[in-house]
Every structure is written in C-alpha cells, then in structure tokens.
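Here it is, the structure in full.
The values are calculated or read from the model by the stated rules, or taken from the named source; none is laboratory data. Owing to the predicted nature of the structure, the values given are computational and were not obtained by experimental measurement. Using ideal geometry, Cβ is built from the backbone for each residue, glycine included, and neighbour counts are taken over all protein chains shown. Keep in mind that these areas ignore ligands, DNA and RNA; they rest on the heavy atoms of the full protein, side chains included. Shrake-Rupley method; radii C 1.70, N 1.55, O 1.52, S 1.80 Å.
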Amino acid sequence: MTQNSRNAGKEADHSLQEPRLSSPAIPHTFHIPVMGTGFTIDTPLKVARYGISSVITIGDDILTEQMRKFHSEKNGIEYKEIPAKSDDARARRIAAYLNLLNTLVEKQIEEVRAESFSPGSDLTRYFEMLPDAPLKKKYLKMLKMGESKEKTKLQDTLRGFVVPGNIDVNIMTKVDGDRYCDGVKMPPEEAVAMSALRGFANSRLRSSLVLSAGLNRRLFGYIANFGDFFPEGNGLPKKKLILKVSDFRSALIQGKMLTALGLWVSEYRIESGVNCGGHAFTAKGYLMGPILEEFKRQKEELIEQLFARYRKALTRRGLQLDQPAPGLRVTVQGGIGTVEEDRFLLKHYNVDGTGWGTPFLLVPEATNVDDDHLKKLAQASKRDVYLSDSSPLGVPFWNLRTSDSEKTRLARIQADKPGSPCPKGYLGFDTEFGGAPACYASRRYQKNKLKSLASEKSSDLLTEQKKNVLIKTCLCLDLAAGVLRKTGIDSGAQTAVCCGPSIADFNQIVSLDKMIDHIYGRLSLLKEGDRPHMFIREISLYIDYMKQELEKSSIGIIDRSAKYFSEFKRNLNDGIAYYRTLADEFGRKQRKRFLEELEDLTDEINRILSDSSTVFAIEGTA
C-alpha cells in the first residue's frame, strides 16, 4: 500500500505507481496487424519505441534473413549468414531475426528514456501520441509546470512508464506444407509452419504468437513441446498465444484443443470474414456485430470452461497453478475507419483493443510500401481493390488491380509463359502431376494444368477453369516486394498489395503522428465522400461475395448446394435483424441512415435469391 492510499486526506494516484516493466502495460488501445509478408516485417523497429504493438509474419525465412542482414549492417552489428542448407536453417534464421529485433527495440527504449522532453524528441512523441488517458494527463500536467524539483521528479516518473510495444508474430496455420530437400521429403517438424514455430519458440522474445487461418492439430500439438508457452512462477508464460477467429464457435473449439494440451489462449482476435485485408476467411455471412455480442455475453463462461481444462492439463504435466484464471483479452479488427467506430467497439462490446491495418499502408514510418505503390494506394478507388481468386491457398484474397505484380502476371500470360518461377515454394500443395508438391501459381503447375485442359471440349466451364488457373499470383515473392524495393535489396521486385477495401476511404500519405491522431479522433484523414458504416460495408461485401459464389456455382466451377445459400441468406438476415435493435445506440441522424441502408440491403439479398434463374441454378447444385 502506498503512502498516498494510506492517507485519506491526500489524493491517491495509483496510475503513476512505479510500473513492473518486466510485464509491460501497453499504453495504446490499438495494434497494427500483420500485413502481407513484407509490409510489417520490421514494423516493430518503427513503432515499438512509441508503445505501439504490431505483428510480423515469420513464414518467409528467406525474407527474415535478408532483413537481418539489412538491419545488422544499418546498425553496425556483425552479420553472419545462416546458409539455407545448414542444419535447422529455417528455424535458426527466424530466431536470429527475432532476436535482432528484440535487441534493437530494447536499445531504442533505453535511448528514448534517456532523452529530454524537448520538441520533436522520441520521448516527447511517445507521450504526444498517447490516447486521452491518465498517463497522457500527467504528461500534460508536467508540460504546464515551471522548472522545479517537482517537475524533474515527475519527468523521471513518466520515463519509467515508457515501455515498448509488443513484437508479436503471425503464423498462418494453413501454410504448413511438408518441405523437401533434393527431392526427399523432410521430417514433419521441418514443415513450413512447424519450423517457423520453432524459430519463435527458440527466440528471446517475450511476446505472442498469433495463430491465424484455422485449426492445425499437428501444429497445435507441436507448440506443447516448448516450455516458453507454459506458465512460470507468476502464472504467466514467456510466450503467449493469440487466436485469430471469425466466430465464437471456432474460438471455443480451438481453445478447448489448446487448453487440453496445457496451453492458454491469452487473446481472441476477432476479424471480419470479408471486411479485412489479405486473405478473407468468409464465414457464410456471419456478421461482426452478432459475433461480438456473443463474445460479450459468453466471455466469462468461456474462461470458466477453458480454465478447468487448462488446470487439469497442467496437472497431468506435473505443473501446479495456484493463481486464478489468466487474463483473456478479446480484440477486434477489420474495416475500422473512424474514431466513432473504434470507440463504439471498445465501449459497447467491451473489447480490450482494436486492430488498424490497411490505413497504415499509407504511413511510410510504420510499414513498407515502395514509392510507386504508395501513390497507387493513395489514388485507389473502390474498383481498384477487389476480392480475387489470386491466392494459391484457394482462399478469397483482397488484391490491388493496379499493382506491378498484376501487370507482370498478365504480361506472362500474353507472352505464353504463364506462372511464376516459384523460387520460394512455401505454398506448394498440389501433387496432381507428380514430383514434389507444386504451388498453383507456379509455372510448372500452370503449364501442366493447361495442357491437361487442352483436350476438354470448349465450354463456359472450361473458360472459367482456365481463368482460375491463370489468376493465381506468386504471393510468397510479390508480397515481400514492397520492402525489398524500399530498402534497395531488390529494386526490380514486382509488388503485390493486399490492402482491404477501406483503402478507398483514404487518399493521403501521412506521418505516424497523424494516423494516430486520426485513430484517437484528434483529426480526420477520411477523404470526402459517402463512406458507409463498417457494419453496413461488411454486409454489402458479403452480398457481393454471395453473387460471385452464385455465378461460379451456376457455371459449375464450384459446388455449392441450395442449403449453403439458404444458410448464407439466413445468417445475413439474422445479422441485419440484430443491427436494427442496435441502431438505438446511434445518434438520430446516423440511426436514420443506418436503418435505411439495412432495408436496402435486405431487399437486395431477397431479390438475389428469389430470382428464378438463380433458384434454378441453386437447385441444380443441391
């Protein structure tokens, strides 16, 4: 108990007690999610010193090695290459890069704390960018004080609250293909995701592993081989788990599986199934609002269920946990664009934080987009960003039409040399034509597949099948191109950009300070125009996606039953019914528009699925 809290005659100021810096209290209410392979690969070096958490991907060890070399040389640190064919090279490369990030961020924080509160210093920027919270208020109070011992003491106290943002890492669980060496299949632990996990587990980071793209039993089981994921004496592990999910059911299923292994999920990160960037794991029309409502209602029950399994699993491992249930955060990301939306999510659904991704592609201080594509993003219209079939994973993928990657793909088709040379091979899954698994974007696969289709009778289906082969993009290579061009590592790389549809709401390349001011409502960066509410946009995007599915189904390119579309429609209409009850939470003007747009969207859903030709097409696939 502090002296202040003992003395009822004085104001207790718990917000500025000495912090436990070994267990950082991150001061911001948002994080920067992973974007592509290269866009956020070194974002922690740009923003962690300001207390901002971000997520990097560790799927590409070639890129992590290139970035380790670049940042070692930039910071005067000796670089020793880890050859690609050396023992456990992939995991060692990833661990070495993460250790470098950790070392550099720790050094940055020491330097920030040592600075003065002078205009433009990183220490001043740290506090200027904070949200309107007790720590920011203490900083503003300090600024008003005259030179005195009291001011110096308060400045020292404030310095103690300078903590780095988290350096979290992302693994796509679907990207876990077996790897081959000289044509020989390597052991399971050398698979793409398994070896990436080992790299993170063996690093010095004390941060979180974000697992995205669904359940992977092999990978989940492998996590339990590493002690850093189990609780220490304080009841917390060195390395935490975050699950990116699109609904409550998947959170419960995956959470149960992990807790049965003695692994606690410290955060459920809810992402819109369609109103996001990169891969869109569409969820049959389940909408974000109802999903968040379910998490809000059942969070305590979720903790209770999972904690019971967790304790039993730890006991089986000979570990005793005397503390109560560890914390469980719920955060949300996908299409957030205004301070009003951000605050509504935080307050109405009691989420612990939000994720802002796509807008940060316009912030060179935070992400890696080369100059040419920065301009393209700033000029991007709604039409320039589309939900494509470009991903070799077979998952809908948000793509920028005007990117160099798309131009190169089309030029190869024109030259009758479709497909990528596939130098990295992380997404090789197809075994139709023998040999090591091939990526659907590779020249080898596309050549063989087009040859096999050549004997087919001409039809609309055949046209679509060929189109579906040729549309695949080399994401391993091209999603890293932005950082390779920006750093000068490879100025000829062909950039692909996986921005979400919200990029069309912004048209300025801005500083980190300005983007954060936008997030916290201190200014607006939205371009003039009629931007829909994020909930309305999600419904509209799902309707567009449903139209595409109906068209593909009618041709025969995909197999969707009448039951599938009926469920899709029901989920959308149930979500809209929920939003009608939610509209009372909005101001009068916004409420009127919100309800009118819901009615228009309801009419569109019913019109699409009641069209006689559409119904016939559905019945034909039942």
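Based on DSSP H runs of at least 4 residues, each adding -39500 (n - 2.57), what is the mean residue ellipticity at 222 nm of the chain after dividing by all its residues, to the nearest 500 deg cm²/dmol?
Details: 23 runs with 282 residues, N = 622.
Helix-only estimate at 222 nm: -14000 deg cm²/dmol.
Towards the positive end of the charge dipole of the chain, with charges on Cβ (+1 Lys, Arg; -1 Asp, Glu), say which of Y139, L361, L314 has the farthest Cα.
So the residue furthest toward the plus end is L314.
Taking R0 as 45 Å, what FRET efficiency do you get between A583 and A378 from their Cβ-Cβ distance, rounded to the nearest 0.05?
Values: r = 33 Å, r/R0 = 0.74.
After rounding to 0.05, the efficiency reads 0.85.
Turning to a different aspect of this structure: How fast does the range 300-364 diffuse by Stokes-Einstein, in µm²/s, taking the Kirkwood radius from C-alpha pairs at 10 °C and 1.306 mPa s?
108
Okay, moving on. For the range 464-622, what is the convex hull (Cα atoms) projected area averaged across all directions, in square nanometres?
Result: a mean projected hull area of 13.3 nm².
Starting at the first residue of the range 230-238, write each ³J(HN,Hα) from the Karplus equation 6.51 cos²θ - 1.76 cosθ + 1.60 with θ = phi - 60°, in whole Hz, x for Gly and Pro.
With coefficients 6.51, -1.76 and 1.60, one gets 10, x, 8, x, 8, x, 10, x, 5 Hz.
Can you give the accessible area of M257 in Å² (nearest 10), computed on protein heavy atoms with a 1.4 Å probe?
40
If one computes the Cα centroid of the range 186-205 and of the range 35-70, what distance in Å separates the two points?
For the range 186-205 versus the range 35-70, the Cα centre distance is 17 Å.
Okay, next question. Under a 1.4 Å probe, what is the accessible area of the chain per residue, stated in Å²?
Per-residue accessible area for the chain comes out at 45 Å².
Using only the alpha carbons of the range 91-157, determine the length spanned along each of the three principal axes and report them from longest to shortest in whole angstroms.
That works out to 53, 24, 20 Å along the principal axes.
When N counts the residues of the range 373-464, how does its alpha-carbon radius of gyration compare numerically with 2.2 N^0.38 Å, as a ratio?
Computed over Cα atoms of the range 373-464, the ratio equals 1.24.
What are the ³J(HN,Hα) couplings of the range 449-463, residue after residue, when phi is run through the Karplus curve with 6.51, -1.76, 1.60 and θ = phi - 60°? Round to Hz, x for glycine and proline.
5, 5, 5, 5, 7, 4, 7, 6, 6, 4, 6, 4, 4, 4, 4
Still on this structure: Counting alpha carbon pairs within less than 8 Å and at least 6 residues apart, what relative contact order, in whole percent, applies to the range 118-199?
Reported as a whole number, the value is 17 percent.
Rounded to whole Hz and in sequence order, give me ³J(HN,Hα) for the range 212-220 from the Karplus expression 6.51 cos²θ - 1.76 cosθ + 1.60, θ = phi - 60°, writing x for Gly and Pro.
10, 5, x, 7, 9, 4, 4, 5, 4
Count neighbours as other Cβ atoms within 10 Å of each site's Cβ, and list the GluC sites (Glu not before Pro) in the range 51-106 that are DSSP loop with at most 15 such neighbours. Don't skip to the end; give the middle numbers.
Values: sites: E65, E73, E78, E81, E106; in loops: E78, E81.
Loop-located and lightly packed - E78, E81.
At E189 and E73, where each label point lies 7 Å from the Cα along Cα→Cβ, what is the point-to-point distance in nanometres?
So the two model labels end up 3.4 nm from each other.
Give, as a single signed number, the net charge of other residues whose beta carbon lies under 15 Å from the beta carbon of A96, with Lys and Arg counted +1 and Asp and Glu -1.
Around A96, the charge tally is -1.
Right, next: Write down the radius of gyration of the range 446-550 and its Dmax, each obtained from C-alpha positions, in Å.
Gyration radius and largest Cα-Cα distance of the range 446-550: 20.4, 62 Å.
Can you list residues whose amide H is under 5 Å from N166's amide H, if they're 5+ apart or on another chain and H is modeled 1.01 Å from N?
S53, S54
With Kirkwood's inverse mean 1/r over C-alpha pairs for Rh, give me the Rg to Rh ratio of the range 451-506, two decimals please. Numbers along the way, then the final one.
On the way: Rg = 17.2 Å, Rh = 14.2 Å.
Using Cα coordinates only, the ratio equals 1.21.
Still on this structure, I have one more. Just to verify a number: what accessible area does T473 come out at with the full protein assembly present, 1.4 Å probe, Å² rounded to tens?
Probe radius 1.4 Å; accessible area of T473 about 10 Å².
While we're here: Tell me which trypsin sites (Lys or Arg not before Pro) from the range 512-572 have a DSSP coil assignment and no more than 16 other beta carbons within 10 Å of their own.
R522, K527
Follow-up question, since we're still on this one. Extent of the range 77-222 along each principal axis, from alpha carbon coordinates, in Å, largest to smallest?
72, 37, 21
For Q155 and T463, FRET efficiency with R0 = 60 Å and r from the beta-carbon atoms, rounded to 0.05?
Using R0 = 60 Å, I get an efficiency of 0.30.
Taking a threshold of 26 Å on the Cα-Cα distance, which of the pairs K299/K527; K107/K141; K107/K239; K107/K424; K407/K486; K449/K569 fall above it? Show your work: numbers first, answer last.
On the way: K299/K527 37 Å; K107/K141 28 Å; K107/K239 21 Å; K107/K424 33 Å; K407/K486 19 Å; K449/K569 35 Å.
Exceeds cut-off: K299/K527; K107/K141; K107/K424; K449/K569.
Under a 5 Å amide H to amide H cut-off, with H placed in plane at 1.01 Å, what residues pair with Y386 once short-range neighbours are removed?
N399, R401
Which value, to two decimals, describes the C-alpha radius of gyration of the range 240-394 once divided by 2.2 N^0.38 Å?
Against the compact-globule rule of thumb, the ratio is 1.24.
Could you look at the chain and say what percent of its accessible area is carbon and sulfur, using a 1.4 Å probe and all protein chains?
49
Calculate, for D490 and E340, the FRET efficiency according to 1/(1 + (r/R0)^6) with r their C-beta to C-beta distance and R0 30 Å; round to the nearest 0.05.
Efficiency, rounded to the nearest 0.05: 0.15.
Give the accessible area for T152 in Å² (nearest 10); use a 1.4 Å probe, count only protein heavy atoms, and leave out ligands, DNA and RNA.
70
In whole Å, what are the extents of the chain along the principal axes defined by its C-alpha atoms, from largest to smallest?
Projected onto the principal axes, the Cα atoms of the chain cover 88, 64, 54 Å.
Report, by chain and number, residues whose modeled amide H sits under 5 Å from the one on S442, excluding near sequence neighbours (fewer than 5 apart, same chain).
Amide H to amide H, under 5 Å and 5 or more residues apart or across chains, S442 pairs with S420.
Right, next: Quick one: work out the % antiparallel among DSSP beta bridges in the chain, nearest 5.
Looking only at bridges with both residues in the chain, the antiparallel portion is about 25 percent.
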